[in-house]
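Here the structure is laid out as structure tokens; the discussion comes afterwards.
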Amino acid sequence: YQREDDKPETVKRRLDVNIAQGEPIIAHYRAKGLVHDIEGNQDINDVFKDIEKVLTNLK
């Protein structure tokens, strides 16, 4: 038995809604210079260094 909310179609729909609702919020804060993008598809140590740079520049 598979619950209705575990079906791939339901998960996809939830992700689509989340993206659609989240994009305007991200755009709002990006326009204020409060969003920082970090490339997560790199070595974990490089991700950490990138996050550290962003946080250091916030001081």
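Every number here is computed from the coordinates shown, using simple stated rules; none is lab data. For clarity, every value in this text was computed on a predicted model and none was experimentally measured. Here Cβ is always computed from backbone atoms with ideal geometry, including for glycine, and neighbour counts include all displayed protein chains.
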* Quick one: what are the phi-derived ³J(HN,Hα) couplings along region 9-20, Karplus 6.51/-1.76/1.60 with θ = phi - 60°, whole Hz, x for glycine and proline? => 5, 5, 4, 4, 4, 4, 5, 4, 5, 4, 5, 4
* To do: Calculate the tail of P(r) for the chain: the fraction of all Cα-Cα distances greater than 15 Å, expressed in %.
  => 68 percent
* **the chain: chymotrypsin sites (Phe, Trp or Tyr not before Pro) in DSSP loop, at most 10 other beta carbons within 10 Å** => Tyr1
* Find, among the trypsin sites (Lys or Arg not before Pro) in region 1-48, those assigned to loop by DSSP (not H, G, I, E, B) with at most 14 other beta-carbon atoms within 10 angstrom. => Arg3, Lys32
* Asked: With each pseudo-label sitting 7 Å past Cα toward Cβ, what's the Ile38-Thr56 distance in nm, one decimal?
  -> 1.4 nm
